[in-house]
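For reference, the structure discussed in these notes is given below.
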């Protein structure tokens, strides 16, 4: 048993050493450390006795360019949208009720309900694991050294739930390229790697406790000892650990067998976590993105690699200008010691006694060399051209003056300035889709018990729901990344569009408020509720007025009918009276004729 564990640990250690040798051969560790120093502003060699008094200015255009490009890539709001594969794009049209003439709600099939649940839980998970922070850290790394890696794992220490208790939660972290060792560095697709090793430094006691929990014997646990292997961590801050700290390098290896993912952990010559299946997961819980692609390599190209020569030239030329100003304002003094007895100081108005013969110089300032007059313009040109080539010119950075330009022209300029980073955005959105696929597998595999989760409805109102991802393990879904505005500039454009629709009468006030961003109207929910209540009151008042008018019309009609009936009765009575009178006259005339 012990021999087998030692043998497995030896294989993983050898694979790690092979990957480390490859990185050293390519110069990655040395170069990445230099890139990090330049990004942080450490851009000059260490001062010596001969150079300690020379000016060492730092005009860090590397940090400015990379900060702008990272912000531009993250400028859009990302939403994961799951749809069932079988019914995607085949939604039924709502039927109309023949009596009420209102649309009948369409009943969703179970697959559509599962996809909607995954979509809403993706938004909740995004907030829980602070995915925006992870993305920013990853893109900072990619813009600097060329590669960023997202890693997701199952955290068994997470527990919760009062009504529905659960154990375990998916967590995320960013792996530095220094700690990432693929089995085939020439293969860009991480899912096609034969294996992947991730390194980390952890306290020996933590690793020993984990080994005990995994059933290792006391003898094997005792073999986990601290080491000082920090030279291979590349970065200056990672190489220096606290005095007295006891840490050990832990190797986490992922690999696939028959399409299923397995993992194990090794520390020193001991297997801390034996071969463990990931419950049927088929994707490595890793996503790799290249800032700019490098031919035949999983490691990309960052901006710093091409900016360092320009950054050095800018710093050097500005330093020489400062040195020239120092030499001109405070030039060196040339003295003849036999005639000038005291040493000059910087005291204003100081008197020097000259005992030399008249007509000869005994003390004078040395004439410094003149700096080339085109140097300031050269520095400005280098900075300008560097920003333009890097895709961070004045229009993109917002440094250009737009005093007399129309809004449409400003938008076109800024849109054109963002073209150089469109390819980076596309790779980032693809990485977001890959992340969503990994989340989907975690939910279907590890979330196999009921747990209460908090989701948001279409009105951004929170509600609770029961989630058990394993119940939807057989539901095949498609995943699409929706891109929406997230910056204040995008919000202003959205508000402009809403204002135009509202002014034209295309949308009412309630609909207008529903689509207004929360940052613009944080109280919109209360306002919508009050407006709806007012509309209901107005509708009730209108209904009452209509009923009153109907009653009045009915009363008027009834009165008119009564008047008409009375008129008809009176006319009938008058006719009867006239007829009786006429008959009476006829009788009288008949009696007269008979006499």
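Structure notes:
- Residues that are touching a strand residue (DSSP E or B) at 6+ places or on another chain (Cβ under 7 Å), under 25 Å from residue 31 (Cα atoms) and surrounded by 13 or more Cβ atoms within 10 Å (Cβ to Cβ) occur at least once in region 230-247.
- Output for region 301-313, where each listed residue is in contact with a strand residue (DSSP E or B) (Cβ under 8 Å, 6 or more places away or on another chain) and over 16 Å from residue 70 (Cα atoms): none
- Single condition residue 133 does not satisfy, out of (1) in contact with a strand residue (DSSP E or B) (Cβ under 6 Å, 6 or more places away or on another chain); (2) free of Cβ contacts under 8 Å to residues at least 24 places away in the same chain; (3) in a helix (DSSP H, G or I): (1)
- Residues satisfying the stated conditions in region 33-79, i.e. more than 28 Å from residue 320 (Cα to Cα) and in contact (Cβ under 8 Å) with a residue 60 or more places away in the chain: 68, 69, 70, 72, 73, 74, 75, 76, 77, 78, 79
- Cβ separations smaller than 6 Å between residues 6+ apart or across chains give the following pairs from region 427-442 residues that are closer than 20 Å to residue 147 by Cβ to residues that are in a helix (DSSP H, G or I) and at pLDDT below 95: 428/73.
- Within region 466-487, residues that are under 29 Å from residue 76 (Cα atoms) have Cβ atoms under 7 Å from residues that are modelled with pLDDT under 90 and outside any strand (DSSP E or B) in these pairs: 476/85; 477/85; 478/85; 478/88; 485/491; 485/494; 486/75; 487/75, counting only partners at least 6 apart in sequence or on another chain.
- Residue list for region 457-477, restricted to those being assigned to a strand (DSSP E or B) and surrounded by 13 or more Cβ atoms within 10 Å (Cβ to Cβ): 465, 467, 477
- Selection from region 347-360 of residues that are assigned to a loop (DSSP other than H, G, I, E, B) and in contact (Cβ under 8 Å) with a residue 12 or more places away in the chain: 352, 353, 355, 356
- Scanning region 114-153 for residues that are surrounded by fewer than 23 Cβ atoms within 10 Å (Cβ to Cβ) and on the phi > 0 side of the Ramachandran plot turns up just one, 130.
- Residue check for residue 546: under 58 Å from the mean Cα position of the chain (by Cα) and either over 30 Å from residue 457 (Cα atoms) or in a helix (DSSP H, G or I) (or both): yes
- Taken over region 156-190, the residue count meeting the criterion of being under 23 Å from the mean Cα position of the chain (by Cα) and surrounded by fewer than 17 Cβ atoms within 10 Å (Cβ to Cβ) is 3.
- Of all residues in region 28-55 being part of a loop (DSSP other than H, G, I, E, B) and within 31 Å of the chain's Cα centre (by Cα), the one that is nearest to residue 239 (Cα to Cα): 42
- Some residue of region 77-94 being modelled with pLDDT under 90, within 30 Å of residue 305 (Cα to Cα) and under 18 Å from the mean Cα position of the chain (by Cα): yes
The values are calculated or read from the model by the stated rules, or taken from the named source; none is laboratory data. Fair warning: this is a prediction, and the values are worked out from it, not measured in the lab. Note: ideal-geometry Cβ built from the backbone for every residue, glycine included; neighbour counts use all protein chains shown.
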